[in-house]
Amino acid sequence: MGLPIRENPIDRLNFKATDRRRERRLRDGEWQRLVEAATLQKNKYVAAIITFAVETGMRRGEILGVQWQHYMASQRLLLIPESKNGQA
């Protein structure tokens, strides 16, 4: 038989609201190492996809969802109809 619990100890904890945004910049030499590692992969497009992601700021799901119908070559624009933040 255990001891009776009179209060919930979690009630005394104070959780601060946190900003869930992530911001990470590559440090010196990381870009070169990343590209070198990507070129060693079986899939020859990995380095190009990583470069595209870094240059555009697009997320993996957004990149994988790209369709030719969303690309406007004459204007050099790419429409992202559904992004993580809910805006096109």
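Each reported figure results from applying straightforward, stated rules to the coordinates on display, with no laboratory input. All of these numbers come straight from a predicted model, not from anything done at the bench. All Cβ positions, even for glycine, are placed from backbone atoms using ideal geometry, and neighbour counts span all protein chains on display.
Things worth noting here:
- Working note: 222 nm ellipticity from helices only, DSSP H runs with n ≥ 4, each -39,500 (n - 2.57), summed and divided by the residues of the chain, gives -8000 deg cm²/dmol to the nearest 500.
- What the Cα convex hull of the chain gives, in volume per residue, is 272 Å³.
- With the Kirkwood sum run over all distinct C-alpha pairs, segment 21-65 has a hydrodynamic radius of 11.5 Å.
- Built amide H within the under 5 Å cut-off of Gly65, gap 5+: none
- 10 Å beta-carbon shell around Ala53, net charge (K/R +1, D/E -1): 0
- Scattering from segment 41-88 was approximated by placing one identical point on each alpha carbon and applying the Debye formula without solvent; log10 I(q)/I(0) at 0.22, 0.23, 0.25, 0.26 1/Å stands at -0.87, -0.93, -1.04, -1.09.
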